[in-house]
Every structure is written in C-alpha cells, then in structure tokens.
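To keep things clear, I will list the structure first and then write my remarks on it.
The values are calculated or read from the model by the stated rules, or taken from the named source; none is laboratory data. As the structure is a prediction and not an experimental result, all values here were calculated from the model. Heads up, the Cβs are rebuilt from the backbone with ideal geometry, glycines too, and the neighbour counts pull from every protein chain shown. In case anyone asks, the SASA skips ligands and DNA or RNA and just uses the protein heavy atoms, side chains included. Shrake-Rupley method; radii C 1.70, N 1.55, O 1.52, S 1.80 Å.
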Amino acid sequence: MKKATRQAYGETLLKLKDNKDLIVLDADLSAATKTDVFAKEVPNKFYNIGIAEADMMGTAAGLALGGKRPFASTFAIFGAGRAYEQIRNAIAYQNLNVTIAATHAGVTVGEDGGSHQAIEDIALMRVIPGMTIINPVDDLETEAAMEAIMQHEGPVYLRLGRLAVNRVHKEKQPFVIGKGEELLAGHHGTIIATGAMVQEALTAATLLQQENIFLNVINMPTIKPLDEALLLKIAKKTPWIITAEEHSIIGGLGSAVAEYLSEAYPIKLKKIGVEDRFGQSGNPEILKEHYGLTASAIIEQAKNMSIR
Amino acid sequence: MMKFEEKARELRGNIISSLESAGSGHPGGSLSAIDILTVLYYKEMDISLENYDSQDRDHFILSKGHAAPALYAVLADKGFFDKKELLNLRKFSSMLQGHPDRLKTRGVDSSSGSLGQGLSIANGLALAKRQDNIDKKVYVLLGDGELQEGQVWEAAMTAAHYKLNNVIALVDHNGLQIDGSNDEVMAVNNIADKFKAFNWHVLEANGHDITSLIEAIEQAKTNKGAPTMILCETIKGKGVSFMENQVGWHGKAPSPEEAQRALSELKEVL
C-alpha cells in the first residue's frame, strides 16, 4: 500500500469537510496539492487565490481572524520560501490558526529541478517563534496529524511529499503534536528520521540486523516543538545518533537534534540530508541516490559510527 | 460636523504627545490619516467595546501600520485602554508597540506594519463574514506609497474576483514616503484608474473634510457586486504647520519644544 502524503492530505480534507471552521485555500496548484477533489465537492469552503502565494497567506490570516481554520496549500518552495514574511508577520506574529500545507517538499519533486525543490523550508519555519512543524511519515499519520491540527491553537507548517510512500504504520494512531515514536529498539546506535526518510531508516536497520548491528529507529514527525524528553532518553542509552531527513543538513531535524543535545547531553551525532547545495532535475530515485538520501547511505554512516 | 472636527483636533494633540514621549515614530502619516479614522470610528463603523468580542461587527485594519499613533489615540479615546498608556508608546514592555500588535493592544483587529499585507487580511476577514452570513464591513486603510508593494495588487484581484462588496479600502493619498515624494521614488500614478481596471468601485474624497469622507463611505456601504476603494486626498502632517507636506516628518518624533509649538497651534485652531 503506497500513497503520497499529499494524497492523504486531500482525502483527509474531504473527511473533515463538515467541520464548520475548515476552509481550504490553494494557489493554482490544486491538482498537484490534491485539494482539487475538495474544491469540487465543497466549493463553498474552497478559495483559489491564483498564482499569488503572499496574498493567499494574508487571506488565510484574515480568515483565521474571522474564526476559521484555513489550510493554505501550495508547494513548499512557494509557501515557506516566497511567502516567508507573510507567514511570519500576518500569521505567526498573531499566533493564528492557519495551517500551511506545503507539498512537493525535498528533492523528490524530481524533474522540475532545483528551483522547485525546497530543501531549506524546515529551517525557515523553525526560526519563526511559535511555529509548529509536522512532517508525517505516511498517509495514516498525515490523517491523524490533521485531526490533531484541527484541535491545535497556533500556526502549523505541514510538510508533505510528492511521491507515493510505503505505510510505516499498520493502522491509524492518535497523533500527539510534539511526540516522537520508537519504531525499532536496539543498543548499538540510533537513527532519528522524519518523513520519507523513516522508511529508509527502517530498511537500513533491518539490513544491519543481519550483520548483528541492532539500532533504535525513531520516527520524529514533529520537528518543532521537538520531543526533547525522548531525545534525552535515547541519548542516555545509545552511543551515537544519526539523523536523516530529505532537507538540507543545515537548519532541519538534524540541526534541531544537535542544538538540543549539544547543550543537554552531548553525544556523537551525524546528520544525513542534502549537503549545502541546490538540487537538480532528475528521476526522484536517482536524485535520492545522488544526494545520499537512501538506506544504503544510512548503513554506510552507521558502520562508520560503529567502528569509530 | 463640528464635533468630529473637534474630536480629530483633540486626537491630533494626543498623537503629538505620544510621539514626543516615545522619542521616535511617524507623525506625518498619523496626522494625514486621523480625520479618516475619526469618521470611521466615531460615525461609520459598527465597532465598540461592547461588541468587540463578537465577529458580528465591522472590522478595521490599519495596513499602513506606521500610523499606529493615530489608531492608538482613537482606541484610547473609545475606552479600549487607559489614555495614560499613550505616553508609553514604543517603550519597553508597553502595550503600545511601534506598529499595531493585536496580541498586546485591545482594539487592534490585526497586527500590521509590514506594508502591503493589510488588504489580503481584510479579504480573508470579509470571506469569513460571508461564510457566516454576517452582514458587516471590513475597512482597511492603505498608504499611497504602500501601493508600490505587489501584494496589494494580488489582493486587489482577489477582492474583485470574489466580489467582496464588504471590503471598503481607503487610500491615504498624501503623496510622500520616506525617501521623497511618491513620484520621485516610484510613481504609482492614476490610482483610481488602476483600481477601476481591477474591477473595483472607486470613489474620491477629501481626506480632511468630514462631510466628504462621510458621503464617500456611506456610498461605499451601498455598493454591490464589487469592493470599494476610496481615494482620500490628504496632506502629510496635516494640522501642524511646520510638519505639513514635509518628507522629513515621515518618521521623526517632535522634540519637546516642537511638540509644544504643535500643541499650541492645534489649540489656536480650536
């Protein structure tokens, strides 16, 4: 069962349609962000703002001031990137209940190339005070996260992917914003991953078991606020940590983990992600390979960490 | 109309006093906007302490947020907070921030100040009112220099596209901005024609003439099928002779002596 988290986003919006406060906005990408079905079935709760992301964020802010819970949908690069200051000043500065639904995050946008591959969006959103950042691992977690978001007070950046991904969960679990999840237990080291990289981490850990290397695997869907209690617990019982994310190694999950642990409980840490460079056109699988976003890249690093 | 004119004059004095106390801030655009705010808050808008916590009222967004001293003078006078707070403008831990902050100041409907964003927010509020069948208006005041921000025109399209006749935008057209006149810095030109071309109703008013403002706003309230923009001709620094039409008074507070001069001028007019 493979499904893109953006697909789950669109389907969940439809499931939430009877909530009187839900409003969906898009900026001329509704077929790609998967809001198109909602737009067709619930036209009175959908507004297409056109190719104008800054205006969409401001409009979402106004809707929230009017008591609504808007989901402003666009690609991550145009949300976090182009409309950064509108998100900061119109939405977050007022602590409004706006969700920025950012699809097509990371290099797996693929052939559109580096201009469309947001690999710095988590970093941009992390520095905004009060911003919650959620990067779900699969379709079930996306749905559960959206249900939690509907009860949450304050702005949320919901990071979604373009590609279909395997289910990590067998069934939908209640989503608690700010909590990580231990998927595998081991004593040689820990991989903390977010989004599509969780699947790669699980694959890596399973393969390493055949070589008698046993790793913890943590799914960290909320990047802000970070599950510091879980991090501290893990740091105290593991010799090293690898973080893995489809994002720049600067400013994302790895940085967040490093920032916290370097003060709270310093241990050996390696960040896996896109090195300090832009993406390029290509088949998503080839791009993942090229930028080191694979199980084999994780295995290589895990072996380096274990030897040292 | 005399009582509104007297009220505006009193508020001008409070603006000068708060800016003098702050030691920084924006007198020029506050004084050019205060007659508009007076007409809105004392005559045209359905907004008060009593209905403030309800969505079933008019809303106001000061998109040109640097005119915060004008908005604060009005809100204090309307009883949203103690007038003594005006002397804490821009001071550390004050409820009166340099630009409006909804979370700190009761009566502020939206934080603002980063130019170009207010009309988008007004559209969102107007859509929320439409969703809830609330027959009230969202007023937004923009600066003319602010029209140089592209987002304003994105929002102008949105308001017209969704036929938001509950949006009433006013432009404080004083012709000056930080670096000089609008025409020198980046000519906006033909503001009325531009909004007309974006399918807005457009009205013009003398932004310092109470009767002219009331007429335009009351006409705007009856307009159907499209948002309305009222182009208000104003004078930057209006009411204080040495500030009028002076670019230098965009973002500089009066010294105690200058404030004294300004206040005595305002009293003389009365």
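Return the pairs, sorted by first residue and then second, in which the second residue is at pLDDT 95 or above and open to solvent by 80 Å² or more (accessible area, probe 1.4 Å), the first residue lies in segment B:1-17 and is assigned to a helix (DSSP H, G or I), the beta carbons are less than 8 Å apart, and the residues are 6+ apart or on different chains.
From residues that are assigned to a helix (DSSP H, G or I), the pairs are B:Phe4/B:Lys43; B:Asn14/B:Lys83; B:Ser17/B:Leu87.
Being surrounded by fewer than 24 Cβ atoms within 10 Å (Cβ to Cβ), without any contact (Cβ under 8 Å) to a residue 60 or more places away in the chain and within 14 Å of another protein chain (Cβ to nearest Cβ) is the filter here; which residues of segment B:155-185 pass it?
Within segment B:155-185, B:Met157, B:His161, B:Tyr162 meet the criteria.
Would you mind telling me which numbered condition in (1) assigned to a loop (DSSP other than H, G, I, E, B); (2) more than 17 Å from the chain's Cα centre (by Cα) B:Gln151 fails?
Of (1) assigned to a loop (DSSP other than H, G, I, E, B); (2) more than 17 Å from the chain's Cα centre (by Cα), only one is false for B:Gln151: (1).
Determine whether A:Ala64 is crowded, with 21+ Cβ neighbours inside 10 Å, assigned to a helix (DSSP H, G or I), in contact with a Ser or Thr (Cβ under 9 Å, 6 or more places away or on another chain) and facing chain B (nearest Cβ under 9 Å).
So A:Ala64 fails the test.
Out of curiosity, is B:Gln131 at the interface with chain A (Cβ under 10 Å from one of its Cβ atoms), open to solvent by 10 Å² or more (accessible area, probe 1.4 Å), polar (S, T, N, Q) and free of Cβ contacts under 8 Å to residues at least 12 places away in the same chain?
So B:Gln131 passes the test.
Tell me, which helices (runs of 4 or more DSSP H) wholly within segment A:190-308 include 2 or more residues that are open to solvent by less than 50 Å² (accessible area, probe 1.4 Å), at pLDDT 95 or above and closer than 22 Å to A:Gly81 by Cβ?
Those helices (runs of 4 or more DSSP H) span A:253-264, A:284-290.
Is it true that some residue in segment B:213-227 is among the small types (Gly, Ala, Ser) and either closer than 21 Å to B:Gly28 by Cβ or in a loop (DSSP other than H, G, I, E, B) (or both)?
yes
Tell me which residues, restricted to segment A:30-61, are open to solvent by 40 Å² or more (accessible area, probe 1.4 Å) and over 20 Å from B:Ala156 (Cα atoms).
Residues satisfying the conditions are A:Ala31, A:Lys34, A:Asp36, A:Val37, A:Lys40, A:Glu41, A:Pro43, A:Asn44.
Could you please find all residues in segment A:67-85 being part of a helix (DSSP H, G or I), touching an Asp or Glu at 6+ places or on another chain (Cβ under 8 Å) and open to solvent by 10 Å² or more (accessible area, probe 1.4 Å)?
Matches in segment A:67-85: A:Ile77, A:Phe78, A:Gly81, A:Arg82.
Pull up segment B:140-166, narrow it to residues that are of a type outside the set (A, V, I, L, M, F, W, C) and in contact with a helix residue (DSSP H, G or I) (Cβ under 6 Å, 6 or more places away or on another chain), then point me to the one that is nearest to B:Ile36 (Cα to Cα).
Ranking the candidates gives B:Asp144 first.
May I ask you to list the residues in segment B:81-128 that are buried (at least 17 other Cβ atoms within 10 Å of the Cβ), free of Cβ contacts under 8 Å to residues at least 24 places away in the same chain, more than 14 Å from every other protein chain (Cβ to nearest Cβ) and in a helix (DSSP H, G or I)?
Listed by number, the list holds a single entry, B:Glu85.
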